[in-house]
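Structure, as structure tokens:
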Amino acid sequence: MKLTIENMTCGGCAKSVTKAIQSVDPNAKIETSPAIRSVEIETTATLAAVQQVLEEAGYPATAG
């Protein structure tokens with residue numbers, strides 16, 4: 001799945017995003033791109049679950 005995260009603007013943000021996603025799927029493959037504010041995730045977690053943990057972490061995400 002590919003998500004856009006408007007307020008992921010640096011490496012520190014990307015680490016926080018990665019940590020949040022790993023809290024719902026420790027085995028997720030995560031590729032963050034702060035420069036274009038997107039993240040690509042290979043996960044068994046649902047989109048809703050991923051969006052919820054990102055929202056809780058302060059990084060609301062939109063699909064696409």
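A few points about this structure:
- The set of residues in the stretch 12-64 that are among the hydrophobic types (A, V, I, L, M, F, W, C), in a strand (DSSP E or B) and surrounded by 13 or more Cβ atoms within 10 Å (Cβ to Cβ) comprises Ile30, Val39, Ile41.
- Hey, Val17 of a type in the set (A, V, I, L, M) and touching a Lys or Arg at 6+ places or on another chain (Cβ under 8 Å) or not: no
- For Glu6: the one exception among (1) open to solvent by 80 Å² or more (accessible area, probe 1.4 Å); (2) in contact with an Asp or Glu (Cβ under 8 Å, 6 or more places away or on another chain); (3) of a type outside the set (Val, Ile, Thr): (2)
- Test result for Pro26, in contact with a Gly (Cβ under 7 Å, 6 or more places away or on another chain) and modelled with pLDDT of 95 or more: no
The values are calculated or read from the model by the stated rules, or taken from the named source; none is laboratory data. Nothing here was measured: the structure is a model prediction, and the numbers come from that model. Neighbour counts are summed over all protein chains in view; Cβ atoms, including those assigned to glycine, are modelled from backbone coordinates with ideal geometry. With ligands, DNA and RNA removed, areas are computed over all heavy atoms of the protein, side chains included. Shrake-Rupley method; radii C 1.70, N 1.55, O 1.52, S 1.80 Å.
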